[in-house]
Amino acid sequence: MGPEPRIERPLEFAESSGGQGSAWPVGHNPYAPPAHYARRRRRSKLDRTALVILGLYATSSIAAFAADASVLGGESTTDGGAPRLVAVCLLLLWLGRRWAALPAEAQKAVAGKRIGPWLAVLFHFLPGFDVFWLFKAQVALRDGVNGCLGPKSLGWAVPRPPAVLAPLGHLCSIFWFAMLRTSWFYLLPAALTPTLWVVHIGLIERAWAHRRRTIIAPEAPYTPRATPS
């Protein structure tokens with residue numbers, strides 16, 4: 001007799017060995033060759049474009065910090081305004097990309113109707129409203145990413161404090177500029193603000209990469225839920 005034919009199981013939820021329900025996400029083939037899993041692991045890494053944006057933001061922030069230190073030391077008269085402007089543009093670029101990846105339900109949860117990525121960026125240029133949107137956009141993005149996580153992935157959820165502290169530090173930087181030529185204390189908040197942004201962006205990208213790794217179906221439902229604050 002020849003070898004027993006292999007039974008192909010459906011590409012849906014495979015039962016775990018302990019009978020506890022779903023062991024594999026939708027689209028997972030437990031009989032696929034190892035190369036298939038290797039390709040999937042490569043696709044589930046952190047977003048490379050987001051990592052490039054984050055690296056450029058950190059570089060621009062360091063350049064701005066070094067220029068401000070030179071002004072305080074009397075070695076230069078040119079502050080870090082130009083690299084700081086580049087850093088702000090990179091933040092807006094990152095926000096637009098990540099906002100565009102959210103499901104439509106998450107984009108509607110902000111104001112009851114869909115706010116597209118272009119509006120999410122342009123709202124930062126409306127006088128008066130931009131102060132409110134600076135905080136609301138990051139908190140809404142955090143809630144949208146957390147809502148895309150599965151019920152067993154809440155350990156990867158993005159906490160709320162970085163989504164509030166990063167915009168707060170950015171807003172307060174307006175007053176820190178007045179201290180640029182008068183006090184070395186300026187360098188403390190000047191270094192703290194980009195650090196908070198890097199932490200916030202890193203947590204968002206970490207949660208999003210986990211979602212890509214565990215939820216294969218692109219149409220996975222958005223489920224608003226309470227997440228750790």
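The values are calculated or read from the model by the stated rules, or taken from the named source; none is laboratory data. From a predicted model like this one, the values you see are computed outputs, not experimental measurements. With ideal geometry, Cβ positions are generated from the backbone for all residues, glycine too; neighbour counts draw on all protein chains shown.
Residues that are among the hydrophobic types (A, V, I, L, M, F, W, C): find the helices (runs of 4 or more DSSP H) completely inside the range 77-138 holding 3 or more of those.
Once the helices (runs of 4 or more DSSP H) in the range 77-138 are filtered for at least 3 residues that are among the hydrophobic types (A, V, I, L, M, F, W, C), what remains is 81-100, 117-122.
Take the conditions at pLDDT 90 or above and surrounded by 15 or more Cβ atoms within 10 Å (Cβ to Cβ) and apply them to Leu102. Does it pass?
When the stated conditions are applied, Leu102 does not pass them.
Among all residue pairs at least 6 apart or on different chains, which show Cβ distances below 6 Å where the first residue, located in the range 89-103, is over 10 Å from Val121 (Cβ atoms) and in the same structural domain as Ala209 (by TED's automatic domain parsing) and the second is modelled with pLDDT under 95 and in a loop (DSSP other than H, G, I, E, B)?
Short answer, once both residue conditions are applied: Pro103/Tyr222.
If the requirement is being at pLDDT below 90 and of a type in the set (Phe, Trp, Tyr), which of these qualifies: Phe65, Phe125, Phe129, Phe135?
One residue alone meets the criteria, Phe65.
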